[in-house]
Amino acid sequence: MTKTKQDYQQIVKQYSAVAMLLFFIILNSLFTPNFFRMGTLNNIITQICPTVLCGMGMTLVISTGGIDISVGSVMALAGVMTAKLMPETGLVPAILLAVAASVLVGCIAGFFVGVLDLQAMVITLGLMLGVRGAAQVLCDGRDIYFNKLGDVGEQLSLLGTYKIGGIVPVQIIPILIFVIAVWIIVEKTVLGRQIQAVGDNIKSSALAGINTSAVMMAVYGFSGFCAAFAGIFQAAKVSVAAGSSLGQLAELDAIAAVVIGGTPMSGGKAHVIGTLIGALIMQMITLTCVMNNIPDQYAQVFKAAIIVFAVFIQREQAK
């Protein structure tokens, strides 16, 4: 059977992210010293954890045709709340309260977008500014260092520094849990089909009996949930919660990972494994530049070029 032009375009769309990742692996194997050492793998795992976690929530949001640019600020809120509360409540209650507050922020965004039918970009932009400000107010504009919080601070730091078997960073656990959970939601549940249906055509979905408002609130709430854990693990890794800098620009890395992974900005489809690959590609670019003494400015240029390329090859054909 002869393949048409559309068939080849579909193949390029489907495997472009994998090909890009393989390209960077081969490139680094040839030109980057010590690339295949365990320390490099550990660095990749710890660095991509926040991007993957935020990316999982962002994948669902973008598959509805929306966007959430408040996740970086939600990361800061969760990290600061955990650090602020845990000396009084203990580690686990502090984490639960921080996660609950983050989910509430996401649900607020979902309410405005899904119920009041307002633009997701505008709503989440407002939340990005407001939540970042709230995080800074909570910490009085100062960084909270975990080594000054006693035993509970050491416990939280352990979330960012512990290695399973003394080899693999603990961040691999949330990465696997979130990726598997979101893949199951998208591929195996009614909710996953409803999310993609809403992104494909929200009016038709409503006429088909889908509660589009509830779907939107669930998706944005889950995005806040993912961002909360991303912020907690990121703060634990550096043993400090900074309301002004924690999670800064994390939303851009998450969106880039989703787009590179093949989830269209127009919605209607969700590629979970693609988002994971996209996060790896983003980290590989950074790693390539750092390990070869290339200035960070070039890494940003490379990332921008790849994002534009990814959007270009995933464009829908003109009708």
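The values are calculated or read from the model by the stated rules, or taken from the named source; none is laboratory data. What you are looking at is a predicted structure, and each value in this text was computed from that prediction instead of being measured. Neighbour counts run over all protein chains shown; Cβ positions are idealised from the backbone, glycine included. Surface areas here come from the heavy atoms of the whole protein model, side chains and all, with no ligands, DNA or RNA. Shrake-Rupley method; radii C 1.70, N 1.55, O 1.52, S 1.80 Å.
Which of A305, A236, A254 ends up with the largest GNM mean-square fluctuation for the chain, with Cα atoms connected below 10 Å?
Judging by the Gaussian network model, the answer is A305.
Go through the stretch 26-31 residue by residue and turn each phi into a ³J(HN,Hα) via Karplus (6.51, -1.76, 1.60, θ = phi - 60°); whole Hz please, and just put x for glycine and proline.
Rounded to whole hertz, the list is 5, 4, 6, 5, 8, 10.
With a 1.4 Å probe and all protein chains left in place, how much of the accessible area of the chain comes from carbon and sulfur atoms, in whole percent?
Whole-percent figure for carbon plus sulfur exposure: 66.
For the stretch 65-79, what does the Karplus curve 6.51 cos²θ - 1.76 cosθ + 1.60, with θ = phi - 60°, yield as ³J(HN,Hα) per residue in whole Hz, taken in order and with x for Gly and Pro?
Calculated HN-Hα couplings, in order: x, x, 7, 9, 9, 9, 5, x, 5, 5, 4, 5, 4, 5, x Hz.
Largest first and to the nearest Å, give the Cα extent of the stretch 17-59 along each principal axis.
35, 24, 10
Kirkwood hydrodynamic radius, computed over distinct alpha-carbon pairs, for the stretch 202-319: how many Å, to one decimal?
16.7
For the stretch 115-171, what is the Kirkwood hydrodynamic radius in Å, using each pair of distinct C-alpha atoms?
For the stretch 115-171, the Kirkwood estimate is 14.7 Å.
Give the dimensionless ratio obtained when the Cα radius of gyration of the stretch 130-224 is divided by 2.2 N^0.38 Å.
Compared with the compact-globule rule of thumb, the stretch 130-224 sits at 1.61.
If you put +1 on each Lys and Arg Cβ and -1 on each Asp and Glu Cβ, how big is the dipole of the stretch 119-238 around its Cα centre, in Debye rounded to 20?
Here the size comes out at about 160 debye.
Using a Gaussian network for the chain with springs between C-alpha atoms less than 10 Å apart, which of these wobbles most: M86, M38, M56?
Of the options given, M38 has the highest mean-square fluctuation.
Once the convex hull of the alpha carbons of the stretch 198-267 is built, what does its volume come to per residue, in cubic angstrom?
Hull volume normalised by residue count: 102 Å³.
Take the alpha carbon atoms of the stretch 252-313, find their radius of gyration, then divide it by 2.2 N^0.38 Å using N residues; give the quotient.
Compactness ratio reported: 1.14.
Under the Kirkwood approximation for Rh and a Cα-based Rg, what ratio Rg/Rh is obtained for the stretch 55-198?
1.02
Would you look at the GNM of the chain, springs on alpha carbons closer than 10 Å, and say which of M128, M216, M58 moves the most?
Fluctuation is largest for M128.
Restricting attention to the alpha-carbon atoms of the stretch 83-157, what are Rg (one decimal) and Dmax (integer), both in Å?
Both quantities, over Cα of the stretch 83-157: 15.4, 47 Å.
How large is ³J(HN,Hα), in whole Hz, for each residue of the stretch 128-137 in order, when computed from phi with the Karplus curve 6.51 cos²θ - 1.76 cosθ + 1.60 and θ = phi - 60°, using x for Gly and Pro?
After applying 6.51 cos²θ - 1.76 cosθ + 1.60, I find 4, 6, x, 5, 4, x, 4, 4, 5, 5 Hz.
Taking amide H positions as placed in the peptide plane 1.01 Å from N, state which residues far from V240 in sequence (5 or more) or on other chains have amide H under 5 Å from it.
Close amide H contacts, sequence-distant or interchain: F146.
If you take the Cα Rg of the stretch 153-272 and divide it by 2.2 N^0.38 Å, with N the number of residues, what do you get?
1.27
Give me the orientation-averaged projected area of the Cα convex hull of the stretch 12-138, in nm², one decimal.
Average of the hull's projected areas for the stretch 12-138 equals 11.0 nm².
Can you tell me the accessible area per residue over the stretch 1-140, all protein chains present, probe 1.4 angstrom, in square angstrom?
With all protein chains present, the stretch 1-140 gives 48 Å² per residue.
Given 10 Å bins starting at zero, what is the percent of C-alpha pairs of the chain in each, up to the one with the largest pair distance?
Percent of Cα pairs in each bin: 6, 26, 33, 24, 9, 2, 0.
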